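Undergrad: First the structure, then my questions, so here it is.
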Amino acid sequence: MRKLRIFFILVCIIMTLGIISWGEYVGGDEDPGFNGLTVSAQYEEDCVIIPVSELSRAMDMNFSFNEDSGILYTEKDGYSLYFKLMDEEHELDERGLVLYGREEDKPFDSYKVKLLMQYAVDSYDSNLSEVFDKLSVGSDAAGKAIKLIEASITVEDSKGYISFEKIGTSTSEINNDSLKEILNNHLLLVNRDNTLSNDYVPQNLTKVAPSKGGVSVNMKVEKEVMDNLNILLEEAYSDGIKDYLITSAYRDYNKQKNLFSNKVNSLLKNMGRDAAEKEAATIVAVPGTSEHQTGMAVDICNFTTSLERAFADTPHGKWLEKNSWKYGFIVRYQKDKMDITKIIYEPWHLRYVGVGHSEYMKMNNLCMEEYIEYLKGNRMISFETQDGSKYIVEYIEKSELEDTGLMLDLPENYQWMVSNVDKDGYALTITY
Ligand code: ZN
């Protein structure tokens, strides 16, 4: 930064000496040393704007701004490219890149802007190679990549000169083999339209052993769920909510099948088989559609109120409704979402989805089906949680990841994970 300033001051001195003109040196097409983008810039009262149309022209691509995901994107047969602004002092919106912090008395302004760049390229032709050469952060191999980059922008005399540099220091490549090792089930959607096979068994089942409260029978659950459930139980205990009782956790396909047929049989006294099966399906999940088969869900009540609607009005039920999101859980089947989940209100059924996702769903009153739909409908969603952590979540189609893999070039303090979602795709979550 400082070197750059000294450099520009030197150039200015040379200019005044009349040896070389400023415009020719930095931005001129004749300069062989500058390989970035040259664009027109607009001065506003407190900012400089590099319009979307100018970025499109300079890169010979047709960018649009997506307000929901906050990204500038372009898509064509053969490639897609998007940019997301990662700095808070500037803005990226429908006007373009809006740069703040102009100093009026200087002959030029310079900015450093952090961007998350994502591209997916099927194959490079010469035009595309030229653009990626200007970005100096891509590669010429087909594939998909997410990279944190920095744009150095100098604006002088209504012209902007942009060069790019990769700033991610930690490179990871996700391919078909490594994916199997890292995939989790935080956002695995299981319902009537998204079923599990009858031989699906979770990978890391552990005994349900609550640090506070009790269990009704021996059972198992995914280890990560148990660990976070224990944190939840400890916190509830310190809030004076004691004696939770865990009555159900992982259930295999056959167990679910028995539960379902028992429910149908009990209903048969009052109705025909078709009606009984229909009714039973709203109360007990049809085999293959139960979250309990994932090992990511538990049923939890207290010692005096069992799994019944009235649990919602007990201090235990109220505490879960109010606080479970803090520990990565959601009350999965809500009263006002029955038409979407197709399951009755179950104030006792907790599903682990991981913190961040749980907070977003709770604060925006989204059930899991709605959250996944929102995720799939937007290219990329981003949000900040109350503790100041930032999240970027993206739905990636399976075919896309399996064909070419994904390269991540991010700084060391960025964390990421990939979750199963449905039969078509995964969710990539980046946290920083
Ligand atoms: Zn349940």
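The values are calculated or read from the model by the stated rules, or taken from the named source; none is laboratory data. Quantities reported herein were computed from a predicted structural model and do not represent experimental measurements. In this analysis, Cβ positions are derived from the backbone assuming ideal geometry, glycine residues included, and neighbour counts consider all displayed protein chains. Side chains included, ligands, DNA and RNA excluded: accessible areas come from the protein's heavy atoms. Shrake-Rupley method; radii C 1.70, N 1.55, O 1.52, S 1.80 Å.
Undergrad: Does K106 meet the test of being open to solvent by 20 Å² or more (accessible area, probe 1.4 Å), outside any helix (DSSP H, G or I) and touching a residue at least 40 places away in the same chain (Cβ under 8 Å)? Even if it seems obvious, please write down each step before you answer.
TA: On the way: open to solvent by 20 Å² or more (accessible area, probe 1.4 Å): yes; outside any helix (DSSP H, G or I): yes; touching a residue at least 40 places away in the same chain (Cβ under 8 Å): no.
Considered against the rule, which asks whether it is open to solvent by 20 Å² or more (accessible area, probe 1.4 Å), outside any helix (DSSP H, G or I) and touching a residue at least 40 places away in the same chain (Cβ under 8 Å), K106 comes out as no.
Undergrad: Continuing with the same structure: Of all residues in segment 211-229, how many are over 16 Å from C301 (Cβ atoms) and open to solvent by 60 Å² or more (accessible area, probe 1.4 Å)?
TA: The number of residues fulfilling the criteria is 5.
Undergrad: Conditions first: (1) part of a loop (DSSP other than H, G, I, E, B); (2) under 25 Å from E373 (Cβ atoms); (3) of a type outside the set (D, E). L179 passes all but one, so which condition is the exception?
TA: Among (1) part of a loop (DSSP other than H, G, I, E, B); (2) under 25 Å from E373 (Cβ atoms); (3) of a type outside the set (D, E), L179 violates only (1).
Undergrad: I've got another one for you. With the requirement that a residue be open to solvent by 10 Å² or more (accessible area, probe 1.4 Å), within 19 Å of D313 (Cβ to Cβ) and either touching a Cys at 6+ places or on another chain (Cβ under 8 Å) or hydrophobic (A, V, I, L, M, F, W, C) (or both), what does segment 338-380 give you?
TA: Within segment 338-380, M338, I344, W348 qualify.
Undergrad: On to the next question. On the basis of being free of Cβ contacts under 8 Å to residues at least 12 places away in the same chain, more than 16 Å from the ligand (Cβ to nearest atom), farther than 19 Å from G317 by Cβ and aliphatic (A, V, I, L, M), does L205 make the cut? Quick ask: steps written out before the conclusion?
TA: Details: free of Cβ contacts under 8 Å to residues at least 12 places away in the same chain: no; more than 16 Å from the ligand (Cβ to nearest atom): yes; farther than 19 Å from G317 by Cβ: yes; aliphatic (A, V, I, L, M): yes.
So L205 fails the test.
Undergrad: Return a yes/no flag: does segment 394-402 have any residue that is touching an Asp or Glu at 6+ places or on another chain (Cβ under 7 Å) and not aliphatic (A, V, I, L, M).
TA: From segment 394-402, those touching an Asp or Glu at 6+ places or on another chain (Cβ under 7 Å) are 397-398; that's our starting set.
Among the residues that remain, those that are also not aliphatic (A, V, I, L, M) are: 397-398.
The answer is yes, given that some residue of segment 394-402 is touching an Asp or Glu at 6+ places or on another chain (Cβ under 7 Å) and not aliphatic (A, V, I, L, M).
Undergrad: What are the residue pairs meeting all of these: first residue in segment 334-351, first residue within 18 Å of N194 (Cβ to Cβ) and away from the ligand (no atom under 11 Å from the Cβ), second residue of a type in the set (A, V, I, L, M, F, W, C) and open to solvent by 50 Å² or more (accessible area, probe 1.4 Å), Cβ atoms under 7 Å, and 6 or more apart or on different chains?
TA: M338/I344
Undergrad: Additional query: If I ask for residues that are touching a residue at least 60 places away in the same chain (Cβ under 8 Å), outside any helix (DSSP H, G or I) and under 27 Å from G388 (Cβ atoms), which ones from segment 305-331 would you list?
TA: If the condition is that a residue be touching a residue at least 60 places away in the same chain (Cβ under 8 Å), outside any helix (DSSP H, G or I) and under 27 Å from G388 (Cβ atoms), then G328, F329 are the ones that fit.
Undergrad: Condition (residue is more than 16 Å from the ligand (Cβ to nearest atom), closer than 22 Å to H292 by Cα, at pLDDT 95 or above and open to solvent by less than 60 Å² (accessible area, probe 1.4 Å)) applied to segment 392-403: is it met by at least one residue? Can you show your working first?
TA: Within segment 392-403, the first condition is being more than 16 Å from the ligand (Cβ to nearest atom), and the residues that meet it are 392-403.
Within this subset, residues satisfying the condition of being closer than 22 Å to H292 by Cα are none.
Among the residues of segment 392-403, not one is more than 16 Å from the ligand (Cβ to nearest atom), closer than 22 Å to H292 by Cα, at pLDDT 95 or above and open to solvent by less than 60 Å² (accessible area, probe 1.4 Å), which makes the answer no.
Undergrad: Which of the residues spanning segment 181-210 are among the β-branched types (V, I, T), touching a helix residue (DSSP H, G or I) at 6+ places or on another chain (Cβ under 9 Å) and open to solvent by 70 Å² or more (accessible area, probe 1.4 Å)?
TA: The first filter runs over segment 181-210 and keeps only residues among the β-branched types (V, I, T), leaving 182, 190, 195, 201, 206, 208.
Subsequent filtering for residues that are touching a helix residue (DSSP H, G or I) at 6+ places or on another chain (Cβ under 9 Å) retains 190, 201, 206, 208.
Hit for segment 181-210 is V201, nothing else.
Undergrad: Just for segment 233-248: of the residues that are within 16 Å of the ligand (Cβ to nearest atom) and in contact (Cβ under 8 Å) with a residue 60 or more places away in the chain, which one is least open to solvent (accessible area, probe 1.4 Å)?
TA: At the first step, the residues of segment 233-248 found to be within 16 Å of the ligand (Cβ to nearest atom) are 244-248.
Then keep just the ones that are in contact (Cβ under 8 Å) with a residue 60 or more places away in the chain; that gives 244, 247.
Values: Y244: 5, T247: 38 Å².
By that ranking, first place goes to Y244.
Undergrad: Quick check: is even one residue across segment 266-284 of a type outside the set (D, E, K, R), in contact (Cβ under 8 Å) with a residue 40 or more places away in the chain and within 13 Å of the ligand (Cβ to nearest atom)? Before the answer, list the steps.
TA: Pass one, segment 266-284, residues of a type outside the set (D, E, K, R): 266-268, 270-272, 275-276, 280-284.
Cutting the leftovers down to in contact (Cβ under 8 Å) with a residue 40 or more places away in the chain gives us 281-283.
Filter once more, so that each one left must be within 13 Å of the ligand (Cβ to nearest atom): 283.
Yes, segment 266-284 has at least one match.
Undergrad: Restricting to segment 301-318, name every residue that is within 11 Å of the ligand (Cβ to nearest atom) and over 22 Å from K342 (Cβ atoms). Walk me through it before giving the result.
TA: Kept after step one, since they are within 11 Å of the ligand (Cβ to nearest atom), are these residues of segment 301-318: 301, 307.
C301, the sole residue that qualifies.
Undergrad: Identify, please: which residue in segment 62-74 is under 14 Å from G96 (Cα atoms) and assigned to a loop (DSSP other than H, G, I, E, B) and is, among those, most open to solvent (accessible area, probe 1.4 Å)? Can you show your working first?
TA: First, pick out the residues of segment 62-74 that are under 14 Å from G96 (Cα atoms): 62-67, 70-74.
Still in the running and assigned to a loop (DSSP other than H, G, I, E, B): 62-63, 67, 70.
Numbers: N62: 121, F63: 12, E67: 150, G70: 20 Å².
Filtering segment 62-74 for residues that are under 14 Å from G96 (Cα atoms) and assigned to a loop (DSSP other than H, G, I, E, B), the one most open to solvent (accessible area, probe 1.4 Å) comes out as E67.
Undergrad: It is to be established whether one or more residues within segment 371-379 are away from the ligand (no atom under 15 Å from the Cβ), at pLDDT 95 or above and in contact with a helix residue (DSSP H, G or I) (Cβ under 8 Å, 6 or more places away or on another chain).
TA: Among the residues of segment 371-379, at least one is away from the ligand (no atom under 15 Å from the Cβ), at pLDDT 95 or above and in contact with a helix residue (DSSP H, G or I) (Cβ under 8 Å, 6 or more places away or on another chain), which makes the answer yes.
Undergrad: Counting residues that are of a type outside the set (A, V, I, L, M, F, W, C), which strands (runs of 3 or more DSSP E) fully inside segment 201-294 reach at least 3?
TA: Details: elements: 205-207, 220-222, 244-248.
Here the list reads 244-248.
Undergrad: Then there is this: For segment 156-163, indicate whether the set of residues that are closer than 15 Å to M61 by Cβ, open to solvent by less than 10 Å² (accessible area, probe 1.4 Å) and more than 20 Å from the chain's Cα centre (by Cα) is non-empty. Break it down stepwise before answering.
TA: Here is the first cut: in segment 156-163, the residues closer than 15 Å to M61 by Cβ are 162.
Okay, now just the ones that are also open to solvent by less than 10 Å² (accessible area, probe 1.4 Å), so 162.
Checking which are more than 20 Å from the chain's Cα centre (by Cα) leaves us with 162.
Looking through segment 156-163, at least one residue is closer than 15 Å to M61 by Cβ, open to solvent by less than 10 Å² (accessible area, probe 1.4 Å) and more than 20 Å from the chain's Cα centre (by Cα).
Undergrad: Ok, one more. Any idea how many residues of segment 109-129 are more than 22 Å from S382 (Cα to Cα) and either open to solvent by 20 Å² or more (accessible area, probe 1.4 Å) or not acidic (D, E) (or both)?
TA: Filtering segment 109-129 for residues more than 22 Å from S382 (Cα to Cα) gives 109-111, 121-129.
Now narrow it down to the ones that are either open to solvent by 20 Å² or more (accessible area, probe 1.4 Å) or not acidic (D, E) (or both): 110-111, 121-129.
Count: 11.
Undergrad: Could you tell me whether E346 is at pLDDT 95 or above and of a type in the set (D, E)?
TA: Numbers: at pLDDT 95 or above: yes; of a type in the set (D, E): yes.
It is true that E346 is at pLDDT 95 or above and of a type in the set (D, E).
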